[in-house]
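Participant: Pasting a structure here, questions to come.
The values are calculated or read from the model by the stated rules, or taken from the named source; none is laboratory data. Everything numeric in this text was worked out from a predicted model, so none of it was measured. Don't worry about glycine lacking a Cβ; one is built from the backbone with ideal geometry, like all the others, and counts go over all protein chains shown. Only protein heavy atoms, including side chains, enter the accessible area calculation; ligands, DNA and RNA are left aside. Shrake-Rupley method; radii C 1.70, N 1.55, O 1.52, S 1.80 Å.
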Amino acid sequence: MSGAVGREPVFPTRQSLGLMKSKLKGAETGHSLLKRKSEALTKRFREITRRIDEAKRKMGRVMQIAAFSLAEVSYAVGGDIGYQVQESAKQARFRVRAKQENVSGVFLPQFESYTQDGVNDFALTGLGKGGQQIQRCRETYARAVETLVELASLQTAFLILDEVIKVVNRRVLTKSSEHVIIPRTENTIKYINSELDELDREEFYRLKKVSGKKQRDNAAADAEILAARKKAEAEEAAGGVVAAEPETADILGEQEDNDVIF
Amino acid sequence: MASAATYKDRQLLAVIGDEDSVTGLLLAGIGHVTEGADAQRNFLVVDAKTETSQIEQAFQNFTQERKDIAVLLINQHIAERIRHSVDSFADPFPAVLEIPSKDHPYDPEKDSVLKRVRRLFGE
Amino acid sequence: MEGLFFNVNGGFVEGIVRGYRNSLLTGQNYSNLTQCETIDDVKLQLGPAYGDFLASLPPNPPTSALAGKMTDKLVSEFRYLVAQSVGSTAKFLEYLTYGYMIDNIALLITGTLHERDTRELLERCHPLGWFETLPVLCVATNIEELYNSVLIETPLAPYFKGSLSHQDLDELNIEIVRNTLYKNYLEDFHNFVQTHPDFSGPTQEIMSEILQFEADRRAINITLNSFGTELSKQERRKLYPEFGNLYPEGSLMLSRAEDVEGVALAVSAVSDYKSFFDAVGLSQGGGGLGGMGGGPADGKSLEDLFYQKEMEMSKFVFTRQFTPAVVYAWMKLKEQEIRNVTWISECIAQNQKERIGNFISVF
């Protein structure tokens, strides 16, 4: 799997290791957050769906009652008021306003019905006959429309949530976070670690070589000095003049050694 | 996606329905006729003589052109006549709601939203 | 004495109407109807009474179509009566159609006001209110033209003249126009039967009783329905017909009434109306405006009681002889029958059987 995912094109440095580590952490938190969001939304979504189903059934009943109250009107008026009603309509008395509800960062509109006071286009309809039935019919229908508005809110929430959940789920599930970014970053971290280890090992080996060489050099120098001393002793025995100079060189050699071992 | 601007002006309900449904809903007070020369009504009465193209046009008008409609109510048997448009209309605004009429009781099988619900839950 | 010459001109018409009366649905028919499961069953039950008229209906027709066909039968029978009548009886029958004409004119006024094509409205007009020059009114494009043609072309001119100008048609609510016309019509009709020499005797007695009742009913309804609207008391008072059992004291009190109790008080002088108000519980100030929902227990609203009373009076008319008033009574009974059948089929179609008994049957 790791081969397929590949890794980020970075230089294997300690800095980029730090960078990658924070990126991994971010990706993991992000992923779990998204997952939680999607779960919350889905929960809400299921609830709404259930309520839509209920509300739609309820609507059937409510509308039937309303239609029946209209039948009562035509019984009382003894005629057709449809045309007159259509023509007298001017200003909507029954309106809706939308407010927002925040579900896990998604704004769902919620319709709220209200009636505009003072607007009544049909106050005098049925004045001579059937006015009381018309009044009752209006109330029945107003209640029915309230149910409809409620249902409309649910339905809009349903459509919006449906859309949002699709997007969120795509982000959660479409191998972007879970299957691409996180493994890729993990891979990169592994790669950087291994590269860094490799570098460490190389360095160690190099240093070992260096110190080995130094030791060989020292040994050679020691031997030389020893030889020189012997020679000097022999010369001293013979003449005995130069002894101090090689002593100083030896001190320098010592310092170099220290440096290497650090 | 649902910014406040798209729906804060939407206050009205609209209706496409048979005479009885429209009359009842108008009695509830949803009727609105815009002022001015090209007075527009927010309701359409559909009878046996109404052409499907007229319904279609009203549907487009209420859903696309007018920006003051929050909820569009349409009789289910009329929605059947323009089923394609209703099914393909997926915007959240305005909410399109299929309602029963006096002579045509409500059939949940045909409702485009309920169809989606069922599809989602794989029923 | 009054019967001596009546049959010369009116005997045939009266005979026909008595025949029609016998074809009205009886309590037995209604109880059969309420047992029906579908509209088709209803159609079948109506078969003997309505015959061919229902034949062209599709299976399980909408109730409105059913009602339409039944009205067609009423109309054709009425037209036959009109064709057979002469003299004062013909005039009397003409008066019967004026009420429908008012509705038709109101419809056309509404259409013209909103600049609709009024030709489409013709088919919505009530056929009984049809007169030959009705289509002419559709030519009018504005309210002034319409007003002038109404004055010239229709028999309703006297009802407009003096109480409504063409500006009024423009400014007043159509319901006020309609009720003003109706008030004038009722007064004129009342006057007609009171003063016409041919009608002295039973017609005068019967019709003045019926018309007074009609006038009172309108006055009470207008008052009740005007609560909570912008209709002022002065305007309201102008709509009360100036005769009837309540006129003038009751009308005056009605015009001052501010709530249902006020109306109950105003009508308490007439025992019939008082008992209606008591029955629906309005006089105690409790309860809603009758009818369904929070109404009285037996499901009757004030309007139902008025209809009931009207039907009883109409039934009673048939105990009298030598009068064209039977035509009026028959028409009312027939209309109620159509309403009843519509109601029953509506209850069946909408599955609201528990209220199916809420109709008025007097035979």
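Participant: Other chains' Cβ within 10 Å of B:42-54 residues: what's the mean? Walk me through the intermediate numbers first.
Facilitator: Numbers: counts 2, 2, 0, 3, 0, 0, 0, 1, 0, 0, 0, 0, 0.
That average works out to 1.
Participant: Let me ask another. Kindly report, to the nearest 10 Å², the accessible surface of C:Glu120 as traced by a 1.4 Å probe over protein heavy atoms only.
Facilitator: 120 Å²
Participant: Tell me the net charge near C:Val267. Cut-off is 12 Å between Cβ atoms, C:Val267 excluded, with +1 for each Lys or Arg and -1 for each Asp or Glu. Can you show the working numbers first?
Facilitator: Values: positive: C:Arg217, C:Lys274; negative: C:Asp216, C:Glu249, C:Glu261, C:Asp272, C:Asp278.
Summing Lys and Arg as +1 and Asp and Glu as -1 gives -3.
Participant: While we're looking at this one, here's another question. In the full protein assembly as shown, how much of C:His196 is accessible to a 1.4 Å probe, in Å² to the nearest 10?
Facilitator: Spelled out: C:His196, probe radius 1.4 Å, area about 50 Å².
Participant: Taking all protein chains together and a probe of 1.4 Å, list C:Trp330, C:Trp130 from the most accessible to the least accessible. Don't jump to the answer; show the numbers that get you there.
Facilitator: Details: C:Trp330 0, C:Trp130 105 Å².
My answer, sorted largest first, is C:Trp130, C:Trp330.
Participant: Helix-derived [θ] at 222 nm for chain C: sum -39500 (n - 2.57) over DSSP H runs of at least 4, divide by residue count, nearest 500?
Facilitator: Details: 18 runs with 233 residues, N = 363.
Roughly -20500 deg cm²/dmol at 222 nm, from the helical runs in chain C.
Participant: Quote the relative contact order of region C:210-286 in percent (integer), defining contacts as alpha-carbon pairs under 8 Å separated by 6+ residues. Working shown, then result.
Facilitator: Details: 79 pairs, mean separation 21.2, N = 77.
Relative contact order comes out at 28 percent.
Participant: Extending each Cα 7 Å along its Cβ direction at C:Gln352 and C:Thr133, get the distance between those two points in nm, one decimal.
Facilitator: Simple spin-label model gives 4.2 nm for this pair.
Participant: Please compute the average number of Cβ atoms from other chains found within 10 Å of each residue's Cβ in peptide A:144-155.
Facilitator: Mean shielding count: 5.
Participant: Given a cut-off of 19 Å, name the pairs among C:Lys69/C:Lys353; C:Lys161/C:Lys238; A:Lys58/A:Lys90; A:Lys129/C:Lys353; C:Lys233/C:Lys309; A:Lys43/A:Lys99 whose C-alpha atoms lie farther apart than that in the structure shown.
Facilitator: Details: C:Lys69/C:Lys353 23 Å; C:Lys161/C:Lys238 15 Å; A:Lys58/A:Lys90 30 Å; A:Lys129/C:Lys353 25 Å; C:Lys233/C:Lys309 28 Å; A:Lys43/A:Lys99 21 Å.
Over 19 Å Cα-Cα: C:Lys69/C:Lys353; A:Lys58/A:Lys90; A:Lys129/C:Lys353; C:Lys233/C:Lys309; A:Lys43/A:Lys99.
Participant: Lysine pairs in region B:12-121 8 or more apart or on different chains: how many have alpha carbons under 25 angstrom apart?
Facilitator: On the way: B:Lys49/B:Lys102; B:Lys49/B:Lys110; B:Lys102/B:Lys110; B:Lys102/B:Lys115.
Eligible lysine pairs with Cα atoms under 25 Å apart amount to 4.
Participant: Sorted by packing (mean other beta-carbon atoms within 10 Å per residue), highest first, where do C:59-66, A:192-199, B:19-26, C:204-211 land? Don't jump to the answer; show the numbers that get you there.
Facilitator: Numbers: C:59-66: 17.6, A:192-199: 13.9, B:19-26: 26.1, C:204-211: 19.6.
Order by mean packing, descending: B:19-26, C:204-211, C:59-66, A:192-199.
Participant: Using a probe radius of 1.4 Å on heavy atoms only, what accessible surface per residue do you get for chain A? Whole Å² is fine.
Facilitator: Details: 14920 Å² over 262 residues.
Averaged over the residues of chain A, the accessible area is 57 Å².
Participant: Total Å² of accessible surface buried at the A-B contact, 1.4 Å probe, nearest 100?
Facilitator: On the way: alone 18660 and 7730 Å², together 22070 Å².
Result for this pair: about 4300 Å² buried.
Participant: For region C:58-132, compute Rh as the Kirkwood radius over C-alpha pairs and then the Stokes-Einstein diffusion coefficient at 25 °C and 0.890 mPa s; write the answer in µm²/s, rounded to an integer. Write down the numbers at each step before the final one.
Facilitator: Numbers: Rh = 14.0 Å.
Translational D for this selection: 176 µm²/s.
Participant: Okay, next question. For peptide B:80-93, what's the mean number of Cβ atoms from other chains within 10 Å of each residue's Cβ?
Facilitator: The per-residue average across the peptide is 2.
Participant: Quantify, in whole percent, the carbon and sulfur part of the accessible surface of region A:107-149 (1.4 Å probe; protein heavy atoms only). Provide the component values of the computation, followed by the final result.
Facilitator: Values: 580 of 1460 Å².
C and S atoms contribute 39 percent here.
Participant: Moving on. Sequence gap at least 6, Cα distance under 8 Å: using those rules, report the relative contact order of region B:12-121 to the nearest whole percent.
Facilitator: On the way: 144 pairs, mean separation 31.0, N = 110.
Averaging sequence separation for qualifying contacts and normalising by length gives 28 percent for region B:12-121.
Participant: I need the fraction of alpha carbon pairs in region B:12-121 separated by more than 16 Å, rounded to a whole percent.
Facilitator: Working: 3448 of 5995 pairs.
Result: 58 percent of Cα pairs exceed 16 Å.
Participant: Output the Kirkwood hydrodynamic radius of the protein assembly as shown, Cα pairs only, in Å rounded to one decimal. Before the final figure, lay out the partial values.
Facilitator: Values: mean 1/r = 0.0311 Å⁻¹.
One over the average 1/r among Cα pairs gives 32.2 Å for the protein assembly as shown.
Participant: Would you work out if chain A is rounded, prolate or oblate? Take a ≥ b ≥ c from the square roots of the eigenvalues of the alpha-carbon gyration tensor; rounded if a/c is under 1.5, else prolate when a/b is larger than b/c, oblate otherwise. Mind showing how you got there, number by number?
Facilitator: On the way: a/c = 10.08, a/b = 5.93, b/c = 1.70.
Judged from the Cα gyration tensor, chain A comes out prolate (a/c at least 1.5, a/b above b/c).
Participant: Still on this structure, I have one more. Give me P(r) over chain C, computed from all C-alpha to C-alpha distances, binned every 10 Å, as integer percentages.
Facilitator: That works out to 5, 21, 29, 30, 14, 1, in percent per bin.
Participant: While we're looking at this one, here's another question. Helix-only mean residue ellipticity at 222 nm, chain A, DSSP H runs n ≥ 4 weighted -39,500 (n - 2.57), per residue, nearest 500. What is it? Walk me through the numbers before you get to the answer.
Facilitator: Working: 6 runs with 193 residues, N = 262.
Dividing the helical sum by the residues of chain A leaves -27000 deg cm²/dmol.
Participant: While we're on this one: Among C:30-43, C:176-189, C:251-264, how do they line up from the highest to the lowest mean number of other beta-carbon atoms within 10 Å?
Facilitator: On the way: C:30-43: 16.7, C:176-189: 21.2, C:251-264: 18.3.
Highest to lowest by the protection proxy: C:176-189, C:251-264, C:30-43.
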